[in-house]
Amino acid sequence: MLVTNHRAWIAIGGLVISFVAAPLGTAQNTPAPSPDVAQHIKHIENGLAGAVVLKGDARSTHNLAARMKELNVPGVSVAVLHNGVIEWAQGFGVSSTDGPPVNAETMFQAGSISKPLAAMAALRLVQQGKLSLDADINTELTSWKLPSDPVQAGKPVTLRELLTHTGGTTVHGFPGYASNDTVPTLVQVLNGEKPANTPAIRSEAAPGTKWNYSGGGFTIMQQAVIDVTGEPFPKLLHDTVLAPIGMTHSTYEQPLGKEFQAFAATPYHGDGKPIEGGAHTYPEMAAAGLWTTPTDLLRYAIEVEKSLDGKANHVLSADMTRQMLTAGMGSWGLGLQIGGSPSNPYFSHGGVNEGFINIFVTYEKNGEGAAVMTNSDNGGALGDEIMRSIAAEYNWPDWHPKERAAVPVDPKILTQYTGTYALAPNFDLVITDENNQLQAQATGQDKAPIYPESDTTFFPIVVDAEIEFVKDDQGKVASLVLHQNGRDMKAPRK
C-alpha cells in the first residue's frame, strides 16, 4: 500500500509531520575526517532525495537537518563502506531529546536486520552438520513442533524455506513488549499463548509455493537453533557471529544488558513523543532482537564480502556464503534480500522495531555500502533518502531516484476523482482537490500530493508508485488501482 522499503506510506508509520528541532551533533570517539571525506559528508547531508523527483524541480534535494526536523527524527547514525573499508561513521541529532548527541558508538535496535545475522549463525550450524538446510524442521525441534496442516500438502517445512521466507508460515512481524508487559517464553510466542501478543505461528501455504515475509519463520528457526545447541540465543550469537566478526557494540540480549545501556538510543513515535517505558523487549530475538551500530553492521558486511572471496571465513565458508547470497523466490537469499544487477549484485535488509527504523546495503564485489539507523518511527523515509544521497555521492549504480514528469490536466478532470476509496477493510484512501492539486490521504495518515502523468494516472513522490483512476460503463469514476512493486491493488469508490 504505497510501501517504502520499511514502512507503508499509507498504512504503517507514514509521514507524521511536526516541528520539533533536532540539533545536529558530530560523532564522538571518532577521528576527524579528512578534507575529502568531510566533503563527501557535506554533499550527502545536502543531497537527500525522495524515491521520485519531479522533472525540472530545482528543489528536488533536501538538507538532512531540515528533514530530521520535518520528520521528527531525533537521531540518525550513518556509516559508509568505500573500497572495502569503513570510510566514515558519524552521528547526527541526539540519542534522546534530553540526552547526548548520537555518535558512532550509539546503539539502536536493528529490527529485522537481526535476521541476516541470525541466519548466519544457523548456517554455521549447517556447516558443522548440526542442522540441515533441507530436512523437515520438525526433526531438528525438540521443545516444540510446527503442527501439521492440510495446507502444507504433505510437504515438510525446511530451514532453507524458513530463511528465504518460502516456508508458508504466518506472522509477518512482532510489536515487542513494553517495559511494564509480561514477556512470554519463546514457546508461548510460537503457540500464540498469553502473554504473547501475536497469533500462533502456523502454516498458511504449502512450503516452497510462494514468497511471503514471515518473522514467524525465523522464530521457528530460533527455537531449532536453541534446541540443537542447548545454548541461550544471545550467547550463541555472540560466540559464533558477533565476536568472530568484531562486532563489539552488538548484542541479542533482550532486554539490553547493563554494560550497553549507556550507549542505547531512546526510541520515539512519529509525533516526537518517546516510546512509553523505552525500548520494547523482543523474545523473538532471531527476527527482531539485535542491538547494534551502523559500524558493526558494516563489519558484518565486510565479513560477508571477504568470506565470499575466501579471504576471511570467520563464520562461514566461501561455499556457504555463496549459497546465502544466491537469490531465489522474491529475490531473497538465506536471510538477505538480493538486489542490483546480475553482474553487480548487492545484499541488503531493512529493520523496523517500535521507535527504530534502519537499513543497510552492501555490494558483493566492489566494497561499497552503507548503513543508516534511526530512533524514530518516521526514520524509514529518511533512511531511504540518506541512502539515495550516499548512492549519488559514491556513484553507485542503484538507489537513485526516478525522475517523472507531471503533465497539465484540465482542473475539471481533477474534481471527478475526489472521494473515498476502500483499499482494505477499515482502510481508506481519500482523494481531495486543493487549489487544483490532488492530495491523497490514508486512514490515520497525513496528506501527500499526487501529480498527473496523464488524465487518469497520477503518482506520489514519497514512493515509486502510481494511482490509476478507473471509470465504469457510464463514464463515472468507480475505483482506483494502486500500482507498486509489481502489485495491483484495486480500491472501489465508496
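The values are calculated or read from the model by the stated rules, or taken from the named source; none is laboratory data. Quick caveat, the model's predicted, so the values are computed rather than measured. Cβ: placed from backbone, ideal geometry, glycine included. Neighbour counts: every protein chain shown. We work out accessible area using only protein heavy atoms, side chains counted, and drop any ligands, DNA or RNA first. Shrake-Rupley method; radii C 1.70, N 1.55, O 1.52, S 1.80 Å.
Out of the residues in segment 338-368 that are in a strand (DSSP E or B) and of a type in the set (S, T, N, Q), state the one that is nearest to A288 (Cα to Cα). Per the stated criteria, the residue is N353. Where strands (runs of 3 or more DSSP E) fall entirely within segment 382-474, those with at least 2 residues that are among the hydrophobic types (A, V, I, L, M, F, W, C) and within 28 Å of the chain's Cα centre (by Cα) are at 419-424, 427-433, 438-442, 457-459. Of the residues making up segment 417-444, those that are of a type in the set (V, I, T) and open to solvent by 30 Å² or more (accessible area, probe 1.4 Å) are T418, T420, V430, T432, T443. Over 15 Å from the mean Cα position of the chain (by Cα) and surrounded by fewer than 21 Cβ atoms within 10 Å (Cβ to Cβ) - does that describe any residue in segment 347-363? No, that holds for no residue. List the residue pairs whose Cβ atoms are under 8 Å apart, where the first residue sits in segment 457-471 and is without any contact (Cβ under 8 Å) to a residue 60 or more places away in the chain and among the aromatic types (F, W, Y), the second is surrounded by fewer than 19 Cβ atoms within 10 Å (Cβ to Cβ) and not in a strand (DSSP E or B), and the two are 6 or more positions apart or on different chains. Sorted first by the residue in segment 457-471, then by its partner, the pairs are F469/Q416; F469/T456.
The condition of being in contact (Cβ under 8 Å) with a residue 12 or more places away in the chain and open to solvent by 20 Å² or more (accessible area, probe 1.4 Å) does not hold for P232. Here are some residues: T240, T219. Which one is hydroxyl-bearing (S, T, Y), in a helix (DSSP H, G or I), over 30 Å from N72 (Cα atoms) and open to solvent by 10 Å² or more (accessible area, probe 1.4 Å)? T240 is the lone residue from the list that is hydroxyl-bearing (S, T, Y), in a helix (DSSP H, G or I), over 30 Å from N72 (Cα atoms) and open to solvent by 10 Å² or more (accessible area, probe 1.4 Å).
Within the bounds of segment 291-303, is there any residue that is more than 20 Å from the chain's Cα centre (by Cα), buried (at least 22 other Cβ atoms within 10 Å of the Cβ) and of a type in the set (D, E)? Yes, segment 291-303 contains a residue that is more than 20 Å from the chain's Cα centre (by Cα), buried (at least 22 other Cβ atoms within 10 Å of the Cβ) and of a type in the set (D, E). Of the residues in segment 207-220, at least one is within 12 Å of M285 (Cα to Cα) and of a type in the set (F, W, Y).
I201 fulfils the conditions (1) open to solvent by 10 Å² or more (accessible area, probe 1.4 Å); (2) in a loop (DSSP other than H, G, I, E, B); (3) closer than 30 Å to H269 by Cα; (4) touching a residue at least 12 places away in the same chain (Cβ under 8 Å) except for a single criterion, (1). For segment 384-411, a residue qualifies if it is in contact (Cβ under 8 Å) with a residue 60 or more places away in the chain and aliphatic (A, V, I, L, M), and the qualifying residues are I386, I390, A392, A405, A406. In the set N103, N180, only one residue is in contact with a strand residue (DSSP E or B) (Cβ under 7 Å, 6 or more places away or on another chain), open to solvent by 10 Å² or more (accessible area, probe 1.4 Å) and under 19 Å from P267 (Cβ atoms); that residue is N103. Against the test of being in a loop (DSSP other than H, G, I, E, B), small (G, A, S), open to solvent by less than 10 Å² (accessible area, probe 1.4 Å) and touching a residue at least 12 places away in the same chain (Cβ under 8 Å), the options G335, G278 yield a single qualifying residue, G335. Among the residues examined, H172 qualifies as without any contact (Cβ under 8 Å) to a residue 60 or more places away in the chain and either among the hydrophobic types (A, V, I, L, M, F, W, C) or closer than 24 Å to M329 by Cα (or both).
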